[in-house]
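In what follows, a single structure is set out as structure tokens and then discussed.
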Amino acid sequence: MPPRTPPDIDRAVNDLEEGNSNDLITEMTSRGRWATRAISPFINLTSVLYAGMPGDDEDIPDPCKVELFKKIVALHPRFKELLQWMVCNEDAMKEFVSMMEATMNDAMSQDCNSVRYNIIGQLPLNPSVQQVTPPIVGSSKANRGWRHHQTAAALCPLRLRADFDEDPNAFCNKVLSGQITISAKDFPCLLYPEGTVYNPANIAMVSFVDTLSSEYVQSPSSALDGIRTASSASLGELNSLKEATAETVAYAALHAHFGVTGIERWDQITKEDFGYDRFFKNCVKVLSNTKDRWVKETLKFITDQTPSLNRRRRNQQKRRRTETDDEPDEADLLLKQREEACTAEEQEQTNNGTERVEVPGSASAAAAPTKRWANDQEEEEQENRDGVEEGDNGPAIPKTKALSKKPPSRCRRRY
């Protein structure tokens, strides 16, 4: 007997076949946003999903696509279950892929806009005190790319940086006229520390990629000062990102490059000589060998520079400084001082054998009338119990005295 389709999966497949959605479908397709950021923005989703599912054809699936499939189905615990029941339903599969690609494209568009507004402020070596000169203002990218020396310096391949520094104007004009072709086979200067001299063996991608990796997992302010202030969880925290990976760093490098170019929209990259797909794959390739000491150190450095991956927040830092402070609170000091003063006063009274003199205006002096009244009351009650008085013509008469109804007041109360 074939296994029965779970009711919610069955409803999801039927809704997809009719072009509709429901909570389960929305929950799954929304994971496409993180697939773009943590796996690849260049996924051919249809071929990847079919490559990972069992089929009737005898062709051996592409190992790279199978690996991508494993990463995608890991985004949601019921992803694979839905695909198993949907693989034979072409209409449902097509609708599902369309919905998920829409969320992937939306995430890419959102990150492009975020980097567009914040990347320029991170171009200087010390962004907190330095500015781009001449200033680049507004959201337009018309004055970026090879039309501005600082953005051009970031885009220039390190292999050609000496030629660029010799005459920036001439170099930029040659790029714009097509005399110099900039391709993705060379890594741009933005991936290297400032002042790095070209060496084919030196791929130290730790320039401002570490701060750009913060752009899509948290706020731009956290990327600049290294401290997270937002009370809400970042994208990295929401998706359980614990450390920088080859894919997340490559995605940050991709946006760093695109952000300083003059290309206005992401869908225009196919018209450019620079192949962003190749650039992304090259970055991933360089950082994928986690057994390499340099790779491990680079990823650890970027992880340490990304506040949300370390849960570093300003209010948490303040609490840690207070909690590790060994000095006692002033409240504890005050209570200790008052306890010592009271003990000293009691000892002094015991040694002198006399009643303490009240200081006018003090709290103890204010309570003195009530205290004396209470003492008088006790003495009178004791006399009534023990004392008797002899009458002139009769037996002993108990000594009585009218008790006051209330303690004496220091002043007349006003209403």
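The values are calculated or read from the model by the stated rules, or taken from the named source; none is laboratory data. Keep in mind that what you see is a predicted model, and the values were worked out from it rather than measured. Virtual Cβ from ideal backbone geometry, glycine too; neighbours counted across all protein chains shown. In case anyone asks, the SASA skips ligands and DNA or RNA and just uses the protein heavy atoms, side chains included. Shrake-Rupley method; radii C 1.70, N 1.55, O 1.52, S 1.80 Å.
With the convex hull built on the Cα atoms of the stretch 1-102, state its orientation-averaged projected area in nm².
Quarter of the Cα hull surface area: 6.7 nm².
Could you look at the stretch 5-67 and say what percent of its accessible area is carbon and sulfur, using a 1.4 Å probe and all protein chains?
After summing per-atom areas, the C and S share lands at 46 percent.
Please calculate the 1.4 Å probe accessible area of Y198, with all protein chains present, and give it to the nearest 10 Å².
Looks like 110 Å² after rounding.
Please report how far the C-alpha centroid of the stretch 165-191 lies from that of the stretch 28-90, rounded to the nearest whole angstrom.
Distance between centres, Cα-based: 38 Å.
Structure shown: which of K185/K271; K80/K296; K185/K291; K94/K242 lie over 26 Å apart, alpha-carbon to alpha-carbon?
Checking Cα-Cα distances, K80/K296; K94/K242 exceed 26 Å.
Which loop-located GluC sites (Glu not before Pro) does the stretch 4-33 contain, where loop means any DSSP state but H, G, I, E or B and the Cβ has at most 13 other Cβ atoms within 10 Å?
Qualifying residues, ordered by number: E18.
Where does the charge balance sit around S177 when Lys and Arg score +1, Asp and Glu -1, over other residues with C-beta under 14 Å from its C-beta? Present the calculation step by step, with values, prior to reporting the outcome.
Working: positive: R147, K174; negative: D273.
That sum, taken over residues with Cβ under 14 Å, equals +1.
Quote the convex hull volume per residue of the stretch 83-197, based on C-alpha atoms, as a whole number of Å³.
Hull volume over Cα atoms, normalised by residue count, gives 185 Å³.
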